[in-house]
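A.B. asks: I'd like to ask some things about the structure below.
The values are calculated or read from the model by the stated rules, or taken from the named source; none is laboratory data. Please read these numbers as outputs of a predicted model, since none were measured by experiment. Positions of Cβ are backbone-derived with ideal geometry, glycine not excepted, and every protein chain shown enters the neighbour counts. Surface areas here come from the heavy atoms of the whole protein model, side chains and all, with no ligands, DNA or RNA. Shrake-Rupley method; radii C 1.70, N 1.55, O 1.52, S 1.80 Å.
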Amino acid sequence: MNRILVVEDETVIRRALVRLLEHEGYRVAEAGGLEEARAHCGEAAFDLLICDLRLPDGEGIRLAGELPGVPVLIMTSYASVRSAVDAMKQGAADYIAKPFDHDEMLLCVARILKQHQLEKENAQLHSEIGEVYPVDGMVGEAPAMREVCRMVEKVSPTDTTVLIRGESGTGKELVARAIHKKGPRAQAPLISVNCAAIPEGLLESELFGHEKGAFTGAGQTRQGLVEAADTGTLFLDEIGELTPQAQSRLLRVLQDGEIRRVGATQSRKVDVRLLAATHRDLEHMVREGGFREDLYYRLKVMEITLPPLRERREDLPRLARFLLEKACKRLKRTPVELDPAALEAMQAHGWPGNVRELENAIERAVILADGEPIRPEHLALTPAVDRTQEASTSLEDYFRRFVLENQGHMTETELARRLGISRKALWERRTRMGIPRPKG
């Protein structure tokens, strides 16, 4: 039960407010001034203080600075914009003018208490995450995630090349950023490159730079991204998309610490730590001749594998609340709650796009919920897959079913966003799996 302290020097108003709050089920104490209020606060903890702005021994807003973490609702008969602004600047949770309507007061009290409770829960969540999960932004109790955090802690202080593996949307770039941040090159740049997003004809130039006149359109000499990462860390996401020529150049960087710009005759020394990530089966690519074996073994000095979200469902509630708080802050929205039915819908969903899909779904839900608790319809998830079938349903089966069921009423952009992948990745999977786009 919430405890409230009413600080008001006018006895009639104070007693009436106490009766009103007690009638609503709150536990209420009362004080006629600052000193009496301080005495009460020394004896018991309160969830809310309702204070008159003008008291015989000072201004009620002073209690906000003396009791950090306890919201203070200021009431005053000196109703003006200036006094309201001043009170809020000094830490008041809200402001109400006397004489106030009883319903208005009760709604204001309920809202402040609810927001304060959410803030306390969020603070507790952050505290627990900080104690248990040393990798910033990574949340999870599943054994596989604990192993990821352990590996990050062990490999970060070294200068070792790391290969990060996992499906799209599992958080590979997050792991790379954590390794860089905790490593000896943290003060130097981290250059992130999505190899799948660079057109094949420009890949070598983008990575290794070019000399003026090296090819049509090369009007001036340009430094590549590998050089830009000199003394720092180079993160190559989707490294399986590198062309054979780019693979050869990258191998030279790892072997000799040298690069040669496209069209150059001289090599340049570079000092970079390489982190690479892929969702592809590099071993299969090596066997098929699509990836250099010597580069593969250079990359696989240390390997970290991220589990898909569907294999760590015990992490969903905590992860969802973590991403919900993050989305509310980014969108500048009041903290909201997850309805239990929404959590059930999340547990039943297949999450082919993994954490990225979950983050997108929650951001959409925050916008649609408009301050109300998030319900299943706000998440807009596809119908649940039967749990008995889920274990035997592969990711490709899920992808095929999702695309075929939704392509008639969704654009390619919306399909990709809901799956947590890029449009390019969607097109590649369509091609590989023989799923044509609908005509018209």
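A.B. asks: Evaluate the range 397-405: report whether one residue or more is more than 22 Å from the chain's Cα centre (by Cα), modelled with pLDDT of 85 or more, surrounded by 14 or more Cβ atoms within 10 Å (Cβ to Cβ) and in a loop (DSSP other than H, G, I, E, B).
C.D. replies: Checking the range 397-405: not a single residue is more than 22 Å from the chain's Cα centre (by Cα), modelled with pLDDT of 85 or more, surrounded by 14 or more Cβ atoms within 10 Å (Cβ to Cβ) and in a loop (DSSP other than H, G, I, E, B).
A.B. asks: Kindly provide the set of residues from the range 190-230 that are part of a helix (DSSP H, G or I), farther than 14 Å from Val272 by Cα and open to solvent by 30 Å² or more (accessible area, probe 1.4 Å), ordered by number.
C.D. replies: Correct list: Ala197, Glu200, Gly201, Leu202, Glu204, Glu206.
A.B. asks: Condition first: touching a residue at least 60 places away in the same chain (Cβ under 8 Å) and outside any loop (DSSP other than H, G, I, E, B). Now tell me which residues in the range 283-310 satisfy that. Give the steps one after another, and end with the answer.
C.D. replies: Looking only at the range 283-310, we keep the residues that are touching a residue at least 60 places away in the same chain (Cβ under 8 Å), and these are 298-310.
Arg298, Leu299, Met302, Glu303, Ile304, Thr305, Leu309, Arg310 - these are the residues of the range 283-310 that are touching a residue at least 60 places away in the same chain (Cβ under 8 Å) and outside any loop (DSSP other than H, G, I, E, B).
A.B. asks: Right, another one. Ile239 passes all but one of (1) open to solvent by 10 Å² or more (accessible area, probe 1.4 Å); (2) of a type outside the set (Ser, Thr, Tyr); (3) in contact with a Lys or Arg (Cβ under 9 Å, 6 or more places away or on another chain); which number fails?
C.D. replies: (1)
A.B. asks: Another question, then. Could you list all residues from the range 300-345 that are among the β-branched types (Val, Ile, Thr) and crowded, with 19+ Cβ neighbours inside 10 Å?
C.D. replies: Within the range 300-345, Ile304, Val336 meet the criteria.
A.B. asks: Starting from the range 194-213, take each residue that is in contact (Cβ under 8 Å) with a residue 60 or more places away in the chain and at negative phi and list its partners that are acidic (Asp, Glu) and open to solvent by 10 Å² or more (accessible area, probe 1.4 Å), counting only C-beta distances under 6 angstrom and pairs at least six apart or across chains.
C.D. replies: Ala196/Glu238; Ala196/Glu241
A.B. asks: Need a quick list: helices (runs of 4 or more DSSP H) entirely within the range 337-383 having at least 3 residues that are at pLDDT 90 or above and under 20 Å from His409 (Cα atoms).
C.D. replies: Per the criteria, 354-369, 376-379.
A.B. asks: In this structure, is Thr170 touching a Pro at 6+ places or on another chain (Cβ under 7 Å) and in contact (Cβ under 8 Å) with a residue 24 or more places away in the chain?
C.D. replies: Working: touching a Pro at 6+ places or on another chain (Cβ under 7 Å): yes; in contact (Cβ under 8 Å) with a residue 24 or more places away in the chain: yes.
It is true that Thr170 is touching a Pro at 6+ places or on another chain (Cβ under 7 Å) and in contact (Cβ under 8 Å) with a residue 24 or more places away in the chain.
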